[in-house]
Amino acid sequence: MAKSKKTDNSTSVKIDMRDPQYFFNRELSWLEFNRRVLAEALDSRTPLLERLKFMAIFSSNLDEFFMVRVAGLKRQMEAHVNKLTPDGSTPRQQLTEIHEKLLPMVSEQHNVFDKTIKAELAQHNIHLLNYIDLNQEQRNYLHEYFESQIFPVLTPLAIDRSHPFPYLSNLSLNLVVVLKNPETNEDLLARIKVPKLLPRFIALPNQSHKPEEGESYFWAGVPIEQLIAHNLESLFLGMNILDYYPFRITRDADLSVQEDEGDDLLLAIEQELRKRRLGGSVVRLEVNTAMPQYIRDMLMEELEIAPEDIYSLDGLLDLKDLMSFISLPIPELKDADWTPALPKWLADSDETTCSSNGELEKDIFAIIRQGDVLVHHPYQSFSATVQQFITQAADDPNVLAIKMTLYRTSGDSPIINALIAAAENGKQVAALVELKARFDEENNIHWARKLEQRGVHVVYGVVGLKTHTKIVMVVRHEEGHIRRYVHIGTGNYNPKTAKLYTDLGLFSCREELGEDLTDLFNFLTGYSRQQSYRKLLIAPVNMRDRFLGLIRREIDNCNAGKTGRIVAKMNSLVDPEIIATLYEASMAGVTIDLIVRGICCLRPGVKGISENINVISIVGRFLEHSRIFYFHNHGEEEVYIGSADWMPRNLNRRVEAIAPVEAPKLAKDLQEILGIMLSDNRHAWDLQSDGIYIQRQPADKAPQLSAQTIFMETAETGK
């Protein structure tokens with residue numbers, strides 16, 4: 001796509017908006033997102049145990065990044081695929097830059113943890129100790145613990161000519177032990193896998209420090225790998241223990257399922273999951289800086305990796321396990337507890353119905369009949385709204401059918417139980433379970449089978465597409481006719497993540513939305529190839545064209561001398577065509593504000609190209625997950641919510657739904673949400689034209705504005 005631009009001397013210049021210089025690299029942009037996650041851990045304003053949580057999230061994010069993204073780049077290199085990304089990078093160039101950018105970040109994480117956070121924890125009676133610093137009484141206790149709880153589980157494996165190098169499982173923490181045979185004077189090596197099923201941090205007895213009323217909580221312990229390392233004599237009787245070195249590996253864990261080659265998608269994915277447990281090729285080796293070069297060379301040879309795959313770090317490996325400290329009962333070191341509130345439309349309603357157990361409860365169907373309503377999680381209760389909507393439908397004798405999509409759900413979800421109850425009550429219940437939801441495949445297979453066994457019609461979606469849309473439709477018989485109630489959301493039907501992720505949902509019984517969802521479910525469960533929808537933007541059918549049309553309408557308005565304005569909130573912005581069209585809009589004079597939590601490949605603030613585009617990212621207590629799209633339309637404003645980001649996979653390879661929010665009050669509510677987020681000066685980061693994010697700081701004497709805090713206060717007061 002090219003755009004003519006008038007220069008000062010009125011010479012027409014053609015600008016190629018697909019030029020690589022106008023795009024950030026997808027993988028490096030994700031690393032910048034994870035840097036913002038790490039910043040929450042480094043920020044002294046974050047409560048201490050929450051800082052540990054963010055350190056754990058940073059490490060967990062990296063695990064998935066290597067298992068999927070880095071692994072994919074390595075596969076491309078092995079297949080000699082040299083297709084350039086929109087920013088002009090080859091797979092090899094990306095891998096090199098990832099290593100160069102990531103190693104300092106991980107080193108900073110470990111340095112701050114070891115030299116700052118551990119000391120601050122100690123000031124609050126939380127002592128993560130090194131084994132060598134323990135007194136004899138503590139060592140005696142841990143030795144007994146080792147002999148009774150750990151020793152029977154361990155399996156030391158020799159590494160020599162007569163013993164093949166042992167298989168190392170994905171994400172496993174290991175010790176390589178250096179030994180000497182005193183009889184032959186031969187140097188030997190062995191490997192011990194640190195058991196995952198045992199606690200990573202072993203607590204010391206603290207009876208003398210047990211907190212009485214008014215006293216502070218006390219915790220002290222050591223990493224399990226140090227406990228193992230200092231009791232190696234029990235494992236290698238008669239040998240001299242010379243040293244030990246921890247290391248950890250990450251393997252390729254992305255699934256590759258050819259749907260058109262297998263008769264049974266569920267069986268195909270189960271087979272792939274078995275392969276994942278074994279793991280593919282090694283893509284990362286984490287070692288302690290003390291590990292000598294000859295052991296590194298041995299590991300590189302055996303694991304078939306290159307020097308750039310090694311991350312040498314001081315201190316503990318796998319800081320993901322720091323997440324366990326968030327459970328310590330020290331509320332003053334954590335965010336204040338948050339209980340989602342009832343939305344005002346529910347709390348103030350007089351509409352009630354009798355539940356199956358004879359108790360009165362709010363009649364959600366009667367409320368929806370009075371007009372569309374919105375829910376905003378986790379500020380407003382998921383269980384009292386979305387969950388209750390499905391539960392009430394399961395019990396309601398007038399409900400004929402329930403249809404919904406399940407992308408990710410929790411293991412003990414009341415929604416699953418409600419669907420089963422509905423089927424047992426004789427209703428038609430259809431659940432589309434997405435088996436290809438990454439790292440939730442096994443969980444989804446389990447629930448798919450349970451639902452099928454209890455009479456629910458379970459389908460697995462459309463061949464070649466991942467079903468990512470978040471929709472429910474309830475068909476109800478009312479006074480001689482059929483009425484369809486719908487919920488169209490931005491997040492998964494998961495009661496657990498609904499307390500951690502920010503999401504929006506629209507309840508409606510508008511006929512056009514019901515008709516659209518009927519057509520969409522027929523597309524998902526049958527052979528329908530519906531190509532037109534009344535209200536919904538559906539991927540991969542019409543969503544791309546509709547979004548491009550909405551952006552171009554703002555361009556046309558500006559070209560006609562009118563006002564152009566776009567505000568869009570999403571998780572990631574990657575799609576080259578959308579980005580190029582946003583550049584065109586900026587050059588036409590459209591003012592564009594983008595709230596992009598994670599990856600953003602658009603380069604804002606480039607003179608003559610994107611001067612009218614601002615990009616912020618908000619990383620805070622809750623994971624920003626909602627998608628909102630606002631178009632000014634010369635005063636005839638349109639606002640949409642739904643499940644899709646502006647990424648090729650969402651627009652081309654997934655089933656997604658975006659819904660217009662047409663009730664004037666609700667549209668204004670969404671605009672207010674966007675406005676509050678744009679004013680955030682606590683958790684917001686501004687993306688610069690060079691790819692660097694700068695965290696906003698309140699001006700002198702200006703109040704600190706945290707959008708998430710404002711939303712909690714608003715939900716609590718019911719305003």
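The values are calculated or read from the model by the stated rules, or taken from the named source; none is laboratory data. In this text the structure is predicted, and so the values were computed from the model without any measurement. Neighbour counts run over all protein chains shown; Cβ positions are idealised from the backbone, glycine included. In case anyone asks, the SASA skips ligands and DNA or RNA and just uses the protein heavy atoms, side chains included. Shrake-Rupley method; radii C 1.70, N 1.55, O 1.52, S 1.80 Å.
Here are a few things to note about the model shown:
- Relative contact order (%) - the stretch 38-98, alpha-carbon pairs under 8 angstrom, separation at least six: 22 percent
- Probe 1.4 Å, protein heavy atoms only - accessible area per residue of the chain in square angstrom: 44 Å²
- The stretch 672-714: C-alpha gyration tensor shape, a/c 1.5 cut-off, then a/b vs b/c: oblate
- Using alpha-carbon coordinates, inclination of helix 511-525 to the longest axis of the chain, degrees: 50 degrees
- Fraction of accessible area attributable to carbon and sulfur, the chain (%, probe 1.4 Å): 48 percent
- Spatially, the stretch 669-719 and the stretch 162-179 are offset by 48 Å when compared through their Cα centroids.
- Sorting the segments 60-72, 335-347 by their residues' average number of neighbouring beta-carbon atoms within 10 angstrom, most packed first, yields 60-72, 335-347.
- GluC sites (Glu not before Pro) lying in DSSP loop within the stretch 446-532, provided at most 12 other Cβ fall within 10 Å: 479
- Computed from the alpha carbon atoms alone, the convex hull of the chain holds 204 Å³ per residue.
- If you wrap the stretch 579-719 in the convex hull of its Cα atoms and look at it from every side, the mean projected area works out to 10.3 nm².
- Cross-link pairs 74/320; 496/668; 334/668 - those with Cα-Cα distance over 26 Å: 496/668; 334/668
- Whole-Hz Karplus values for the stretch 546-552 come out as 5, 5, 4, x, 5, 5, 5 Hz, taken residue by residue from phi with 6.51 cos²θ - 1.76 cosθ + 1.60 and θ = phi - 60°; glycine and proline positions read x.
- Residue pairs, from the table 427/450; 196/499; 193/499, whose Cα atoms sit over 25 Å apart: 196/499; 193/499
- Each residue was assigned an accessible area with a 1.4 Å probe, and for residue 107 the value is about 50 Å².
- To the nearest ten degrees, helix 707-717 and the longest principal axis of the Cα atoms of the chain are 70 degrees apart.
- Net charge in the neighbourhood of residue 115 (other residues with Cβ under 11 Å of its Cβ; Lys, Arg +1, Asp, Glu -1) is -3.
- In this structure residue 477 has an accessible area near 80 Å², from a 1.4 Å probe over the protein heavy atoms.
- Share, in percent, of DSSP beta bridges within the chain that are antiparallel, nearest 5: 70 percent
- With Cα atoms, 0 to 90° folded angle of helix 414-424 axis to the chain main axis: 60 degrees
- Maximal additional length on extending the residue 339-residue 298 stretch stands at 9.5 nm, based on 0.36 nm per residue less the C-alpha distance.
- Inter-centroid distance (Cα atoms) of the stretch 277-310 relative to the stretch 36-66, Å: 25 Å
- Cβ-defined net charge surrounding residue 400, 9 Å radius [Lys, Arg +1; Asp, Glu -1]: +2
- Rounded, prolate or oblate (a/c below 1.5 giving rounded, otherwise prolate when a/b exceeds b/c) for the stretch 95-229 by Cα gyration tensor: oblate
- When you count the other C-beta atoms within 10 angstrom of each residue and take the mean per peptide, 123-129, 375-381 line up highest first as 375-381, 123-129.
- Hull shadow area, averaged, the stretch 320-437 [alpha-carbon convex hull, nm²]: 10.5 nm²
- Relative contact order (%) - the stretch 1-138, alpha-carbon pairs under 8 angstrom, separation at least six: 22 percent
- Look at the Cα gyration tensor of the stretch 32-96: its axes a ≥ b ≥ c give a/c of at least 1.5 with a/b over b/c, and that counts as prolate.
- Only protein heavy atoms count here; under a 1.4 Å probe, residue 501 has an accessible surface of about 70 Å².
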